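Input: a single structure, listed below in structure tokens.
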Amino acid sequence: MLNTLYDDREAESILRVLYEDTLDIDFYFLASDPNYFMSDLLSELLYQRFNRLMKNEPVQYVTGKSYFYGRAFFVDESVLIPRNETEEMVSKILSIEILSEQPLKILDIGTGSGCIPVTLSLERPNWQVSACDISRKALDIATRNSRDLSAKVTFLQDDILNPRAFSPENLFDVIISNPPYVTEEEKVLIKHNVLDYEPAAALFVPDDDPLKFYRAIGSFCKNHLKSSGRLYLEINERFGDGVASLFSDMFEKVEIISDLHNKQRFAFCSSYSLCR
Ligand code: GLN
């Protein structure tokens, strides 16, 4: 039935996640045991969750769980489901910043579920990691994830288009962001499970100003990134050139990097010293 919404392979993997999460049992073991006994309570829960899937709801919201860098993060409709691309960005950042000896001061702008700062803080416990988001609900979830996973992250509520929460003395070595970057006109390409459930404010930007968050991040860097600092961004594959030209005035080096699907997905900027 689920394969009316997803292709066969995806439907199978979604069902597997649903069964394993709900029943806490290996899916293939379950499928091979005709005598498996399921309590009324569990079968009712399974039925309710299955109905949610049939309404196009992403399995991560149904189970309240999304995996990022090998850890389970709680998610609901107030935060974006962490994407593989973002996981790829985090692993690139970890390998680039591996040589940094001193404890780095890091900020993630528009943190959502908190998957970026929580992962960085757990992988590099001596880094001082902060994160902000405009959404109170998102910050509550990020704080919960940080606590549940025993990370040490400072969260602040702020609007990057009109930042007020950071004092001018607050300078960072590294600023990271995966801001909204999908244009309104690209909505037709987006599947219903994303469009109907994920927070639009975390995804969409106007067609006539698709880089508005990148501009805002750029001016934030002028006041809050150390002169030796680095800026790591996830970008819309269509705007590699636009993002590069936006930041090439500010940074000596701007690299547009492709993701595993060979789409221009990241902009890594360094040697900020030029403009100071
Ligand atoms: N990569 C996300 C998607 O495809 C978009 C994330 C974003 O806008 N920052 O839905």
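Values for this structure:
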{"item": "Solvent-accessible heavy-atom area per residue, rounded to whole Å², over segment 4-155 at 1.4 Å", "result": "52 Å²"}
{"item": "Reachable lysines, given that their alpha-carbon falls under 18 Å from the alpha-carbon of residue 191 and they are not under 8 places away in the same chain", "result": "55"}
{"item": "Dipole-positive endmost among 161, 206, 225 within segment 136-236 (Cβ charges, Cα centre)", "result": "225"}
{"item": "Rh (Kirkwood; distinct C-alpha pairs) - the chain, Å", "result": "20.1 Å"}
{"item": "Residue among 220, 172, 155 with the largest mean-square fluctuation in a Gaussian network model of the chain, springs linking Cα atoms under 10 Å", "result": "220"}
{"item": "For residue 229, residues with placed amide H under 5 Å, excluding near neighbours", "result": "272"}
{"item": "Residue of 110, 242, 218 that the Gaussian network model of the chain assigns the largest fluctuation, springs spanning Cα pairs under 10 Å", "result": "242"}
{"item": "Under 23 Å from the Cα of residue 226 - lysines, other chains or at least 8 residues apart", "result": "92, 105, 152, 212, 253"}
{"item": "Hydrodynamic radius (Kirkwood) for segment 177-276, which is based on Cα pairs only, to one decimal in Å", "result": "14.3 Å"}
{"item": "FRET E, pair residue 28, residue 184, Förster distance 45 Å, beta-carbon r, rounded to 0.05", "result": "0.55"}
{"item": "Magnitude of the charge dipole, the chain, Cβ model with Lys/Arg +1 and Asp/Glu -1, debye to 20", "result": "920 debye"}
{"item": "11 Å beta-carbon shell around residue 172, net charge (K/R +1, D/E -1)", "result": "+1"}
{"item": "DSSP-assigned coil residues among trypsin sites (Lys or Arg not before Pro) in segment 153-257, each with at most 16 further Cβ atoms within 10 Å", "result": "164, 191"}
{"item": "Residue (of 104, 91, 37) at the positive-pole extreme of segment 1-145, dipole from beta-carbon charges", "result": "104"}
{"item": "The chain, accessible surface, carbon-and-sulfur percent (1.4 angstrom probe)", "result": "50 percent"}
{"item": "Residues of segment 220-276: accessible area per residue with a 1.4 Å probe, Å²", "result": "49 Å²"}
{"item": "Dipole magnitude of segment 192-276 about its Cα centre (Cβ charges: Lys, Arg +1; Asp, Glu -1), debye to nearest 20", "result": "520 debye"}
{"item": "Dipole moment magnitude, nearest 20 debye, segment 118-276 about Cα centre, only Lys, Arg, Asp, Glu C-beta charged", "result": "580 debye"}
{"item": "Residue-averaged [θ]222 nm for the chain, counting only DSSP H segments that reach four residues, each worth -39500 (n - 2.57)", "result": "-11000 deg cm²/dmol"}
{"item": "Share, in percent, of DSSP beta bridges within the chain that are antiparallel, nearest 5", "result": "40 percent"}
{"item": "Cleavage-rule hits, GluC sites (Glu not before Pro), segment 190-276, DSSP coil, Cβ neighbours within 10 Å at most 13", "result": "252"}
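The values are calculated or read from the model by the stated rules, or taken from the named source; none is laboratory data. What you are looking at is a predicted structure, and each value in this text was computed from that prediction instead of being measured. Ideal geometry is used to build each Cβ from the backbone, glycine not excepted, and the neighbour counts take in all protein chains shown. Just the protein is used for accessible areas: all its heavy atoms, side chains included, with ligands, DNA and RNA removed. Shrake-Rupley method; radii C 1.70, N 1.55, O 1.52, S 1.80 Å.
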